[in-house]
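Trainee: Got a structure for you, questions after.
Taken together, the values in this text are just the output of simple stated rules run on the coordinates, not laboratory data. Since we're looking at a predicted model, the values are computed, not measured. All Cβ positions, even for glycine, are placed from backbone atoms using ideal geometry, and neighbour counts span all protein chains on display.
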Amino acid sequence: MASNTQYYELYRRSTVGQALTDTLDSLITDRRIEPQLAMKILANFDKAIAEVLAEKVKARLTFKGHLDTYRFCDEVWTFIIKDINFKLDNTSTIHADRVKIVSCNTKRPGEV
């Protein structure tokens, strides 16, 4: 049974997503694959990365900082946090001057 579930494309902007996109672009430019195949590969990447992160990542992260900007558009929250401290599973703290967090609902509108 085929699923028509669509996944967010957020992870395409990650390091591994950018590497995949650059490689696919090179393969298309060299005429080794068709653009339609590249789009299918990216769709599979979107699905795989979302499923693996949901199933395998069990660590907890806490953070504290100053909320600078927030917005909610098309079921996506975007937060800009300044002077932020991260703590992963009660280990040492990591500081960043500015962080952008993008949060999407795991269920699309109309899903049960």
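Trainee: What do you get for the angle between helix 35-56 and the principal long axis of the chain? Use alpha-carbon atoms, 0 to 90 degrees, nearest ten.
Mentor: It is inclined by approximately 40 degrees.
Trainee: Would you please report the Å³ per residue occupied by the convex hull of the alpha carbon atoms in the chain? Could the numbers behind the result be given before it?
Mentor: Numbers: hull volume 18.4 nm³, N = 112.
Expressed per residue, the convex hull around the Cα atoms of the chain is 165 Å³.
Trainee: Between S14 and R98, what is 0.36 nm times their sequence separation minus the Cα-Cα distance? Round to one decimal in nm. Display every interim value, and only then the final one.
Mentor: Details: separation 84, 0.36 × 84 = 30.24 nm, distance 1.73 nm.
Length gained between S14 and R98: 28.5 nm.
Trainee: Which value at 222 nm does the chain reach when only helices count, each DSSP H run of 4 or more adding -39,500 (n - 2.57), with the total divided by all residues and rounded to the nearest 500 deg cm²/dmol?
Mentor: Details: 2 runs with 37 residues, N = 112.
For the chain, the value works out to -11000 deg cm²/dmol.
Trainee: For a quick check of your reading of the filter: which trypsin sites (Lys or Arg not before Pro) in the range 30-60 sit in a DSSP loop and have no more than 14 other Cβ atoms within 10 Å? Walk me through the intermediate numbers first.
Mentor: Values: sites: R31, R32, K40, K47, K56, K58, R60; in loops: R31, R32, K58, R60.
Sites meeting the loop and neighbour criteria: R31, R32, K58, R60.
Trainee: Also, I was wondering about something else. Starting with the highest mean, order 85-96, 16-27 by the number of other Cβ atoms within 10 Å, averaged over the residues of each peptide.
Mentor: Packing proxy ranking, top to bottom: 16-27, 85-96.
Trainee: Which lysines, on any chain, are close to K82 with Cα under 30 Å apart, when same-chain ones fewer than 8 places away are left out?
Mentor: Within the straight-line limit of under 30 Å, K82 reaches these lysines: K56, K58, K64, K100, K107.
Trainee: State, to one decimal in nm, how far the label point of A48 lies from the label point of L27, with both points 7 Å from Cα in the Cβ direction.
Mentor: Each label point lies 7 Å from its Cα, and together they span 1.0 nm.
Trainee: Let me ask something else. Angle, helix 15-29 long axis vs. longest principal axis of the chain, Cα atoms, 0 to 90°, nearest 10?
Mentor: On a 0 to 90 degree scale, this one is about 20.
Trainee: May I ask you to sort Y11, Y70 by Cβ crowding, counting other Cβ atoms within 10 Å and putting the fewest first? Can you show the working numbers first?
Mentor: Details: Y11 18, Y70 11.
In order of increasing Cβ crowding within 10 Å: Y70, Y11.
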